[in-house]
Structure formats: structure tokens, C-alpha cells
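J.: Once you've had a glance at the structure underneath, I'll fire off some questions.
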């Protein structure tokens, strides 16, 4: 293996960058920005390097680094990536520099960027932790910068939204913390000593059905809030709408993924028996979320809130795929994590640009933008179509894999959920029609066309959208081995029979 | 009478060095009271420096004593009256830290308020003696002695702001209710003495070992005694529903005194609780454990919920300290599962919590001291408005301390909470662990409110006319130490967990 502690650096570099930014004098705003950008670009570069050095046939954890941290409690600094997490790491590495370069806060750059980099460190850490305690630390740390980003740089109702976000997530974490400790303590019998090591507990732990289900519940509730799963989703529209553009992009792009990723890594992997047992509940909630999110999105008058509700629907698909427990569905779900991050991230950027120009996000006040800003409209159109899931763009691949993969094991849920795909087309196209079509009236006439800088910012998003839509194989090749390994683990530790499906090309 | 003359009264042999922390504190207090009474006002910072040095010497003495226990094992002193074990030294260390930080907090405060003098420092040291005696006691009467020394000094300290009516009120309120609870505790001692024939823990254990397995557990007198002892202790740790004095006393007392009460007094009371319940009355653990269970849940929830509706930061922190006491009770409840047995992590988790909370709360109230401005009255939320703009470093320090109180990872507060929750889970008290964590979320809302006020709230008219927040040297040192400790333990908790007895 490679000795270079690349994963440790993925966490430390942004964390140190955050500290450095915090200590730069207020009188040097340019320096602040340069340092922040360099830090995030360096982190992104390392994430990409990890992707290229990633062995695609290897289904286990790679680049593992493990050091004892709190010996007394059996806690270690244990990091590693596999096919399920690698693209989330890359997504995090890509999104942060883009947001830092492309979206300026309206005041106080220094503190904003400092929180942003701390957020990046926390998110990175959550995706690569292989120790329950360490994961919890990162999972919780993420709250603090996000809270301040929403509260400090958001819109009118920002304090309410930030507080709601913080408290909702923390309630979930409260259960998870007790769950984590109980897991480690109960698994002591199997491991010989108390350890918080994910792999050791998952491989050696044998929980009685009743115990395992309670523990699974404790974890699942934290992740269900984060995803967010219906009916715990009410914090999301507020947080998304009130957050500054950069915050929304990160929130939708990577933060929500902590939930879906957590369900897979810490729910299904640790407690396969309980996950199989709880399948109907999660499938049902996911399906309700898909429809609820879509219907609610249709009824929104605020463009940003519409995108926020669409996230509820999209993440429902990922949870559906996760709990369908077939290779294709989970792979599709993992892929959909990335797709949603890119598409919705780009949508939030575009909505942010509209707000910057018009100082409103009310759909009713926008009209005919296509006439005055055709390039902008084209960019919006591509991103929107990817979000709808039009074939040839990235959204299609993930959603299709989820639906087809789930058909064998969760037929009726899929039948209902598929309606969500149509609804997605309805609310997005309808919104597009109202905002971009027609004759521009008063204020909309002076709507500025896409500038170079904005175009450069959107270009990477659109490139990924098209590339991942046309040629998803490199991604699928890396995700699938780890997913298969996980399913094998599930079938060994529970009564679950993974249906054999012929593998297609996606 | 020749007989009397021939018989010299023979006292127990005393290992003076093992009692040295107490002696240092006592002589410090005496010197301050006697010498300062005979000399004119000492120059600026002399009283507080003297007190801080005495506290540091006390802390310093803990290390050789700790080493001695490591080598020779624990023992009892003064004829079995007090324990000389790691727990005693740990609490000595905790209270020594509290005296040290409280002295630094009081330095500029007393000058600002026009109260400069040696009395407060002397009282801190005397209170520390009381607290240490409580924590070390191996006898209910000795424990009561310590309790009274601590309580009476605290009554005076609470009322020590002579120019503030609320401070007088706090002192009186605390005195009346505290006296009441002391009486209850004393009555408990009397009943237990009646049931066992002794107040010494070892003798009590021997007596109970003979009676409890047969008919003793139904002994009404003993059970009533145990109940009264628990109530008396619950009052001292401010557990709901015996908490009613806390908000008024905390709000009215001078802020450094509030800090001292929340830290040293709490540490001493919890240590005493552990001594009485685990070492004196382990046979009754099945009787008092459900009581502790209820107290813990009421306290975490009550403290958190009542904290949320407050608008005065000192009151908020008073209720938050109740909520923290609830967490410590979670640890006590966990420890009670193993009472009389080989012991579990419950006790060490409570002791760890008290030490961490001592430093944490000292820093927090240190910042409140600075923000409360001359007159010690500016303690409502509005006083913190705009602190992020005018004093960003101070506001950042406060943010870290508040996040630690909320139990966010990488701060000492998380380590403390993790410790007690872990102990509770190991003792299979899952329900109390979950309830405590959920209550912590409610409490987090209150810390968020202070942070919002500091960082996010828009400035209002009149904010410019407020007196500027000053940061004198000693106060700055105390706050910095507290923040540094909070972060250091958050990142590297291993050594401290290892030490906790």
C-alpha cells in the first residue's frame, strides 16, 4: 500500500487552511481569498489524485491509515476509502474550490472562508472515517460551520433556519451517540476489548436481533434527519432557502450525502439483519418523500425553495436504491449521490445568479429571461434536464439504475416512485416555462447575460453532467465491487438473498 | 483527682504532609485575614496574586501526594475520619483550579466594583477547605463539617457585593434555603446513626453487613435516613426539584462568585454524594438508584427547558449548570449500579466531568464578568449583542466555551458528556442516556441564542453608548487558560481520562 498519508492530509489541509485564514489580518482581503482558494484547490487536487491512484478492482478499503487516538476508550484515527466513498470524496474536493472561487459572500470574506474550509475538513473527515467515534466527531463538527454560514451570511430568516438546522440534526446525533457507544460496548464481547473500529465491529460483531434493531434505529434516525427522509425533512427547505448561495450548494451537494452515505456505511454494513428487517419502513418513507418532495416543489412560488424540495425527492430515490438491496440499485444510489450533488449544486448556483441580478427569487416576478439572456437560459436548461433525469445526462443513469435495480425486490414501491420521475419533469419544466419563456417585462428586460466568470464556474458542472451521462462506466466500475462486497456481507449476516441480475452496461 | 491527671488525652496520629493542601489553604486564608487586617490596603493585584499563588501551591502539592498514593496505596487519615486516596487528590486539584481561576476573575472585578479587599479571597480558600473536607470525608459528621464550612462561606460570598441589592438578596435566599437543606441532611445523619450505631462509613458498612441481608432493608428509620441524605445532597448539587435557589442565587451573586459556586461547590457536592452513596450506603443502592434515575432525568430536562426561556445570560447559565448537574447525576446513577461491587466507570466519569466543567464554567463566567461591565448588571442577552464585531477574539473564546458546554466534539465538554454516557450505557441505563442526550439538544438552543446575539444580531440604537468591554490582564489570563484547556482536552483527552480515579 501507499505509505503517503493522503487521507489524513485531505482532512488536515483544509483544517489548517481554515486556521491560517482566521489569523490573517482583516486588512488583506485578497490574501485571504488566495489562501482559501489555494487550500481548497490543493485539497481537490489530492482528492483527484486519490481517485486516479484508486485500484478499481479492489473492493476493500484503500489508502488506509490508522493511529491510536484515545487509547483508553479504544478510539483510533482510522481512515480509508472504498468504491462507495471515493466519489463523494472527489465531489467534496471539486465542489469546494468551485464555490470558493465562484461565489463571493456579501460581507466579511475572512470569516466566511474560514468556516467554509473548516466545513470542508469536516465533510471530508466524515466520508473517510472508519472509526465510529471519529465519524461522529466529524459528523457533528460539520454542524458548527454550516450553522454560522447560514446564520451569518444567509437571507432574512436566516437565524430561524440556522437554528432549526442545528437542532434537528443534533437530535438525530443524540440518538446516534448513544447508539455508537452501545454498539461498541455490546460488541466488546466479540472483539475482546472496547473498540470503535467500524470494520472490526462489522466483521466480528454479532448482535442479537432485538439489540441490533434498536442500535440500527439509533443510527438511522440521525441519518434520516440528515438525508432528509420524510417526515424529518422540514428543516431542509428553510435551511436551503435561507443559506447563502455557496452554503446551499455545499448543503445540497455534499452535506445531505452524509445521510445517505451513513445509512449505507453505518446502517446496512453494521446491522445487516436490522436493515433487512426495516426495509419496508425505509422504502415506504423514501417513496413518500419522492412524491411529497415533488408535489411540494410543484407548488412553490420561490425558485430556491422549489430546488430545495426537489432535493427531498431526489434523495428519496437514493434511499429507495439503498434499501432495495440489490447491486444495481445501490450502485445507482451511490452514483445518484454524485449526480444530485452536481446537478442541484449547479441549480443553486444559477438561482443565486438570478437573485444577484434581480434581487428576487419569486417565480411570478421573473419572465422571458430566455430572450435577454439566451446563454444563461441554455446553461439552466442543461442543468435542469440533468436534474429531471433526461437520458444522455448524468441524472438519468443513477435514477434508472435505482429503478431497474429495485424492481426485483421492491416492485410496488418502484411503481409508485416512478411517478416521481414524471413529476420532476412537471415542476422543473413548468418553472422553466414561467421564468424563461414569454416576453420579458419591466425589470426582466435588463437581465444581464451570463458573464465569463460565471460561465467558467458552470463549465465544470456541465462537463461532468454530460460526461457522466454519456460514459458512466469508469464510475460504475469503481463503485460496483464495493457494493457487491457489501451485499455479500449482508447476505452472510442475514436472511437476505441478493437476487441475481445480469449485469448490463448501464 | 489523680486519675484524670495521669491519663493524657491521646489523639489520633496525624500524617501532616498528607493534609498539606488543606493546611496551605488554611494558612493562606489566615494570613490574608490577619495580616491584611493589620496593614493598610495592599497594592493593586496583591490580594489576588497571593490567593492565586496559594491555589497554585495547593495544586502543586497534589502531584507528590498523588505519587505517594500510587506507591503506598490509599489510606485514611486522622483516625479514619478522612480518606487519603486519588479521589481526594482529584477533587483537591479541581477545587484548587477553581480557587486559582476565581482569584484571577475577581482581581479586576473587585476594583471595578469598588470592593477591593482581602475578604473574598480568604473566603474562597475557606470554602475550598470545606469542599475538600467534604470530598475526603469518611464520616458523616466530618462531611457535615465540610458542608457547613463550604456553605457558610458561600452565603457570605453570595452577598459580598455590598452595593448591589440583588447580591444581598441572593445571600439571604441561599442562607435560608441552604440552612434548611443542611438541617434535612443533619436529620438524615441522625437517623442513619440511629440505624447503624455509627457515622463512620467503615463502621456503618460493618453494621449494615450484619443487618441488611436479613431485615435491615426494610428498616424504616434507616430508609428515611438514606432518603433525607439524598435530598440534602440533591439540594447541594442543585438537582431538580431541589434547584429553586439556583437561578436567583447565581444571578444575584457577584459573577466570579457564581463561577466559584458552579464549579467548586458542585465538584465538592458530587464528590460527597459519591462518598455517601457508594462508600457509606452501598447496601441501599437498589433503593436509591431509582431515585437517582428520576432525579437525573428531571434535572437534565428541567435545567435545559427552563434555560431556554430565560433572557438573562447569568440565569441561562444557572439553568445550564442544572442541566450539567443532571449529566453528572447520570454518571452517579451509573456508578450506583456497581455500588459495593468492584466498581465501574461511573465514578471516574463524574469526577472527570466535574474537573472539565470547573474549567469550562470558570471561563464562561469570566467572559460574563467582562461583559457585565461596571455594576455587574449588564448580563442580559442584549449586553452580548455585537460582541463579535467589537471584540471578535473574546466572542470567539466564548463561542468555543459555549460549544463545549453544548457538547460539540473536539472540546472538553464532549469528552465529559461522552464519559458519563458511556458509563451509563455500560451500566445498561440506556433510557437515561438517551434522555440526557436529547435534553442536551434542548440546552444547545440556549447556547445558540448567546452565539446569535454575539455574532448575528443586528446592532440597535444605543449600542454605541454602552461602556466598552474591558479585558484586564488577569481576567484575560484566566479566560485564555480556560479556552486552551477546553480545546486541548477536546483534542487529546487520553491523559486526563487515564488519570481520573
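The values are calculated or read from the model by the stated rules, or taken from the named source; none is laboratory data. This one's a predicted model, so the numbers in the text were calculated from it and none came from an experiment. With ideal geometry, Cβ positions are generated from the backbone for all residues, glycine too; neighbour counts draw on all protein chains shown.
J.: Could you please find all residues in segment A:206-224 being surrounded by 23 or more Cβ atoms within 10 Å (Cβ to Cβ) and within 19 Å of the chain's Cα centre (by Cα)?
T.: Of everything in segment A:206-224, those that are surrounded by 23 or more Cβ atoms within 10 Å (Cβ to Cβ) and within 19 Å of the chain's Cα centre (by Cα) turn out to be A:219, A:220, A:222, A:223, A:224.
J.: Ok, one more. Tell me which of these residue B:70 doesn't satisfy, since it passes every other one: (1) surrounded by 20 or more Cβ atoms within 10 Å (Cβ to Cβ); (2) in a helix (DSSP H, G or I).
T.: (1)
J.: While we're looking at this one, here's another question. May I ask you to list the residues in segment A:54-78 that are assigned to a strand (DSSP E or B) and either under 23 Å from residue A:251 (Cα atoms) or within 14 Å of chain B (Cβ to nearest Cβ) (or both)?
T.: A:67, A:68, A:69, A:70, A:75, A:76, A:77
J.: Does residue B:106 satisfy the criteria of being assigned to a loop (DSSP other than H, G, I, E, B) and crowded, with 24+ Cβ neighbours inside 10 Å?
T.: No, not satisfied.
J.: With respect to residue B:380, is the statement that it is over 28 Å from residue B:132 (Cβ atoms) and either within 14 Å of another protein chain (Cβ to nearest Cβ) or surrounded by fewer than 24 Cβ atoms within 10 Å (Cβ to Cβ) (or both) true?
T.: It is true that residue B:380 is over 28 Å from residue B:132 (Cβ atoms) and either within 14 Å of another protein chain (Cβ to nearest Cβ) or surrounded by fewer than 24 Cβ atoms within 10 Å (Cβ to Cβ) (or both).
J.: I need the full set of residues from segment B:455-472 which are away from chain A (no Cβ under 11 Å) and in contact (Cβ under 8 Å) with a residue 12 or more places away in the chain, in order please.
T.: B:459, B:460, B:463, B:466, B:467, B:468, B:469, B:470, B:471, B:472
J.: Check every one of the helices (runs of 4 or more DSSP H) wholly within segment A:133-192 and list those with 2 or more residues that are more than 25 Å from residue A:19 (Cα to Cα).
T.: The helices (runs of 4 or more DSSP H) meeting that bar are A:158-186, A:188-191.
J.: Same structure again: What number goes with the only condition from (1) more than 15 Å from residue A:269 (Cα to Cα); (2) modelled with pLDDT of 90 or more; (3) more than 9 Å from every other protein chain (Cβ to nearest Cβ) that residue A:130 does not pass?
T.: Going through (1) more than 15 Å from residue A:269 (Cα to Cα); (2) modelled with pLDDT of 90 or more; (3) more than 9 Å from every other protein chain (Cβ to nearest Cβ) one by one, residue A:130 breaks only (1).
J.: Check off (1) more than 8 Å from chain B (Cβ to nearest Cβ); (2) surrounded by fewer than 24 Cβ atoms within 10 Å (Cβ to Cβ); (3) over 16 Å from residue B:406 (Cβ atoms) for residue A:168 and give me the number that stays unchecked.
T.: (3)
J.: Further, regarding this structure: Looking at (1) within 14 Å of another protein chain (Cβ to nearest Cβ); (2) under 29 Å from residue A:305 (Cβ atoms); (3) modelled with pLDDT under 90; (4) part of a helix (DSSP H, G or I), which is the only condition residue A:101 fails?
T.: (1)
J.: Which number in (1) within 14 Å of another protein chain (Cβ to nearest Cβ); (2) touching a residue at least 40 places away in the same chain (Cβ under 8 Å); (3) part of a helix (DSSP H, G or I) marks the one condition that residue A:107 misses?
T.: The failed condition is (3).
J.: For segment B:409-454, enumerate the residues that are within 21 Å of residue B:290 (Cα to Cα) and either out of contact with any helix residue (DSSP H, G or I) (no Cβ under 9 Å at 6 or more places or on another chain) or within 7 Å of another protein chain (Cβ to nearest Cβ) (or both).
T.: B:421, B:422, B:425, B:426, B:430, B:433, B:434, B:437, B:438
J.: Do we have residue A:109 as modelled with pLDDT under 85 and more than 16 Å from the chain's Cα centre (by Cα) here?
T.: Considered against the rule, which asks whether it is modelled with pLDDT under 85 and more than 16 Å from the chain's Cα centre (by Cα), residue A:109 comes out as yes.
J.: Filter segment A:459-495 down to the residues that are buried (at least 18 other Cβ atoms within 10 Å of the Cβ) and outside any helix (DSSP H, G or I), then identify the one that is modelled with the lowest pLDDT.
T.: Among those that are buried (at least 18 other Cβ atoms within 10 Å of the Cβ) and outside any helix (DSSP H, G or I), it is A:494.
J.: While we're on this one: Which of the residues that make up segment A:358-384 are without any contact (Cβ under 8 Å) to a residue 12 or more places away in the chain and part of a helix (DSSP H, G or I)?
T.: Across segment A:358-384, the qualifying residue is only A:378.
J.: Taking residue A:246, is it assigned to a helix (DSSP H, G or I), over 18 Å from residue B:451 (Cβ atoms), touching a residue at least 24 places away in the same chain (Cβ under 8 Å) and within 14 Å of chain B (Cβ to nearest Cβ)?
T.: So residue A:246 does not fit the description; no.
J.: Further, regarding this structure: How many residues does segment A:179-205 contain that are within 11 Å of chain B (Cβ to nearest Cβ), crowded, with 20+ Cβ neighbours inside 10 Å and out of contact with any strand residue (DSSP E or B) (no Cβ under 6 Å at 6 or more places or on another chain)?
T.: 7
J.: Starting from residues that are part of a loop (DSSP other than H, G, I, E, B) and facing another protein chain (nearest Cβ under 10 Å), keep the ones in segment B:391-408 and report whichever is surrounded by the fewest Cβ atoms within 10 Å (Cβ to Cβ).
T.: B:408
J.: For segment A:81-92, check the following and say yes or no: at least one residue is surrounded by fewer than 18 Cβ atoms within 10 Å (Cβ to Cβ) and in a loop (DSSP other than H, G, I, E, B).
T.: no
J.: Do we have residue B:496 as touching a helix residue (DSSP H, G or I) at 6+ places or on another chain (Cβ under 9 Å) and at pLDDT 90 or above here?
T.: For residue B:496, the condition - touching a helix residue (DSSP H, G or I) at 6+ places or on another chain (Cβ under 9 Å) and at pLDDT 90 or above - is not met.
J.: Looking at A:285, A:256, which one is under 18 Å from residue A:165 (Cα atoms) and modelled with pLDDT of 90 or more?
T.: Unique residue meeting the criteria: A:256.
J.: Filter segment A:139-161 for residues that are more than 8 Å from chain B (Cβ to nearest Cβ) and touching a residue at least 60 places away in the same chain (Cβ under 8 Å) and give the result.
T.: Listed by number, the residues that qualify are A:139, A:142, A:146, A:149, A:150, A:153, A:154, A:155, A:156, A:157, A:160, A:161.
J.: Only one residue in B:93, B:32, B:23, B:97 is surrounded by fewer than 16 Cβ atoms within 10 Å (Cβ to Cβ), closer than 28 Å to residue B:110 by Cα and modelled with pLDDT of 90 or more, so which one is that?
T.: B:23
J.: What number of residues within segment A:433-455 satisfy the criterion of being assigned to a helix (DSSP H, G or I) and either touching a helix residue (DSSP H, G or I) at 6+ places or on another chain (Cβ under 7 Å) or touching a residue at least 24 places away in the same chain (Cβ under 8 Å) (or both)?
T.: Total satisfying the criteria: 10.
J.: Considering segment B:417-430 alone, what residues qualify as being touching a residue at least 40 places away in the same chain (Cβ under 8 Å), in a helix (DSSP H, G or I) and either more than 25 Å from the chain's Cα centre (by Cα) or within 22 Å of residue B:308 (Cα to Cα) (or both)?
T.: B:417, B:426
J.: Another one. For segment B:278-302, which residues satisfy the criterion of being surrounded by 23 or more Cβ atoms within 10 Å (Cβ to Cβ) and either in contact with a strand residue (DSSP E or B) (Cβ under 6 Å, 6 or more places away or on another chain) or at pLDDT 90 or above (or both)?
T.: B:292, B:295, B:296, B:299, B:300 - these are the residues of segment B:278-302 that are surrounded by 23 or more Cβ atoms within 10 Å (Cβ to Cβ) and either in contact with a strand residue (DSSP E or B) (Cβ under 6 Å, 6 or more places away or on another chain) or at pLDDT 90 or above (or both).
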